[in-house]
Structure formats: structure tokens, C-alpha cells
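Enquirer: This is the structure, below, for whatever I ask next.
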């Protein structure tokens, strides 16, 4: 937040921020613009989170989300485990060598029937179930036993579904600039991904290091956007940070 304020005051021209950093702009009076995304892969969002459930927990008729998930077992990937450990007697036995540890471990937990639901990255789901590519001599879990749970309490099949309902889109890291310098910063960052522009190798390397983009491709936003307008395009992201407690209360 301090760096965003410095950009707003004009003491610096630009910086690199995570999407979580941009959330803070709703509480700070800063006039800055998002000029570029730093994409590591050719897709619109860094993460796309979906909920996968065992069909055994789905009711015969339409229901609400709370009723479907009440008293069900979550397959948790273990992220933030140290924060969760004091709240559970069973988590004390979980470690990094656990077969259900990590993103694919949580899907293994679901696939082997040890749990009822997990929230997972869409690419991991595609890989685990072989939805987009199947490797020979590899046994994939049957998709017939599982479904995609949507936020409105409906569900979708995994098979032959090109538009799985997502719960959350996490944007890429971004370049943020003061309003007066936004156009210049945007063009400057775009030079790193423009093969038709010849620049000094050392200069380009220094800029890439400054932007923390040695492994990323800067994508220019046209036009640059205010931080909250930019985040508004990411489904569920701001909402995930606006909830202050459990709903319903515990």
C-alpha cells in the first residue's frame, strides 16, 4: 500500500503488484492505473478455481449450496495448513509426504473416495481426469462419478463440457503506474514482448528484472484501467476478500 501511495504522489512512476495488492486500493485514495499484465502462460487468468464433488452427495432434486455441502468431507490441498492445524484434531497428522498433499493430492483424495468435495485449479482438474489430453498407458478416474458444483447450487457434468462453472478467477500480477505516466509505462513494458523492436540486451534485461518479468510476457491493457475496474473482470476475486467471517456463522 505504501508503494501504491508513492506512485500516486509521483515520487515513483510505476511498480509491480499482485492482484491482492490491488484490493487495498478500495481503502486508499490513490489515482493509479493498471497498464500491463505479467502473464506466465497464454491464458486470461493465473488461476481458475472450480469445485468438484462426488455425485453421491448430490440430491435428487435442486437444492441450495449449504444443504449440499453441510457435513461433507473436504479434500484440502494443505495450503495454509499451519493456520488450520489448531482448529482440527486430524490435521496434526498431515504432512508434505501425505498421498493427499498438494493440489493433485486433493484430487486423489476425492478420486479415491476419501472425501466428498475439493476446490481445485481448472488445469489440474483437466490433467487429473484427462479432459483435454489423455496419455497412453495411463489410467484416468471415471468422470461419471463426479460433477462440477456451481455457486448457485446447480451442477454440471465433467465430460463434454467446455465451459465448466468457475468459482474464482485470480488475475495475473500487474504493472501499475501513475495516471500521467500510464501510456509511457505501458509502451515501455510492451517492448519486452515485441520482437519487432530492437533494444539493447542489457537494457531489456534490467527492465525485465525491474518488472520481475524474466519468465513472464507483459500484456498491454488497452486502455489502462483503474485497479477496481480491472479486478471487476475477475469472477469472484474481490468477493473472496470481502467476506469477513463464516456464512452462516459458526
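The values are calculated or read from the model by the stated rules, or taken from the named source; none is laboratory data. In this text the structure is predicted, and so the values were computed from the model without any measurement. Counting neighbours? That spans all protein chains shown, and the Cβs are built from the backbone with ideal geometry, glycine included.
Enquirer: Determine whether the range 145-164 contains at least one residue that is under 30 Å from residue 32 (Cβ atoms) and in contact (Cβ under 8 Å) with a residue 40 or more places away in the chain.
Expert: No: zero hits.
Enquirer: If you go through the range 78-104 one residue at a time, how many are modelled with pLDDT of 80 or more, farther than 17 Å from residue 54 by Cβ, assigned to a loop (DSSP other than H, G, I, E, B) and touching a helix residue (DSSP H, G or I) at 6+ places or on another chain (Cβ under 7 Å)?
Expert: 1
Enquirer: Among the residues of the range 40-53, write down those that are surrounded by 20 or more Cβ atoms within 10 Å (Cβ to Cβ) and over 19 Å from residue 236 (Cα atoms).
Expert: Of everything in the range 40-53, just one residue is surrounded by 20 or more Cβ atoms within 10 Å (Cβ to Cβ) and over 19 Å from residue 236 (Cα atoms), namely 53.
So that you can scan it fast, the table gives a plain yes or no per residue for (1) touching a helix residue (DSSP H, G or I) at 6+ places or on another chain (Cβ under 9 Å); (2) closer than 25 Å to residue 28 by Cα; (3) surrounded by 15 or more Cβ atoms within 10 Å (Cβ to Cβ); (4) modelled with pLDDT of 95 or more:
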| position | (1), (2), (3), (4) |
| --- | --- |
| 180 | no, yes, no, no |
| 192 | yes, no, yes, no |
| 196 | no, no, no, no |
| 202 | no, no, no, no |
| 213 | yes, no, yes, no |
| 237 | yes, yes, yes, no |
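Enquirer: If residue 27 meets every condition in (1) at pLDDT below 90; (2) at positive phi apart from one, which number is that one?
Expert: Result: residue 27 fails condition (2) only.
Enquirer: Only one of (1) at pLDDT 75 or above; (2) on the phi > 0 side of the Ramachandran plot is not met by residue 185, so which one is it?
Expert: Of (1) at pLDDT 75 or above; (2) on the phi > 0 side of the Ramachandran plot, only one is false for residue 185: (2).
Enquirer: Something else now. Is it the case, given these coordinates, that residue 245 is at pLDDT below 85, out of contact with any strand residue (DSSP E or B) (no Cβ under 8 Å at 6 or more places or on another chain) and within 26 Å of residue 28 (Cα to Cα)?
Expert: Spelling it out, residue 245 is indeed at pLDDT below 85, out of contact with any strand residue (DSSP E or B) (no Cβ under 8 Å at 6 or more places or on another chain) and within 26 Å of residue 28 (Cα to Cα).
Enquirer: Which residue out of 164, 188, 107 is assigned to a helix (DSSP H, G or I), surrounded by 16 or more Cβ atoms within 10 Å (Cβ to Cβ) and touching a strand residue (DSSP E or B) at 6+ places or on another chain (Cβ under 8 Å)?
Expert: 107
Enquirer: Sticking with this one: Just checking, how many residues over the range 69-83 are out of contact with any strand residue (DSSP E or B) (no Cβ under 7 Å at 6 or more places or on another chain) and surrounded by 13 or more Cβ atoms within 10 Å (Cβ to Cβ)?
Expert: Qualifying residue count for the region: 5.
Enquirer: Evaluate the range 124-141: report whether one residue or more is surrounded by fewer than 20 Cβ atoms within 10 Å (Cβ to Cβ), modelled with pLDDT of 90 or more, in contact with a strand residue (DSSP E or B) (Cβ under 9 Å, 6 or more places away or on another chain) and in a loop (DSSP other than H, G, I, E, B).
Expert: no
Enquirer: Report yes if residue 152 is touching a strand residue (DSSP E or B) at 6+ places or on another chain (Cβ under 8 Å), within 27 Å of residue 171 (Cα to Cα) and surrounded by fewer than 18 Cβ atoms within 10 Å (Cβ to Cβ), otherwise no.
Expert: When the stated conditions are applied, residue 152 does not pass them.
Enquirer: Another question, then. Keeping to the range 13-65, report how many residues are closer than 14 Å to residue 147 by Cβ, over 19 Å from the mean Cα position of the chain (by Cα) and in contact (Cβ under 8 Å) with a residue 60 or more places away in the chain.
Expert: 9
Enquirer: I would also like to ask the following. Out of curiosity, is residue 37 modelled with pLDDT of 90 or more, under 20 Å from residue 224 (Cβ atoms) and not in a helix (DSSP H, G or I)?
Expert: Answer is yes for this residue.
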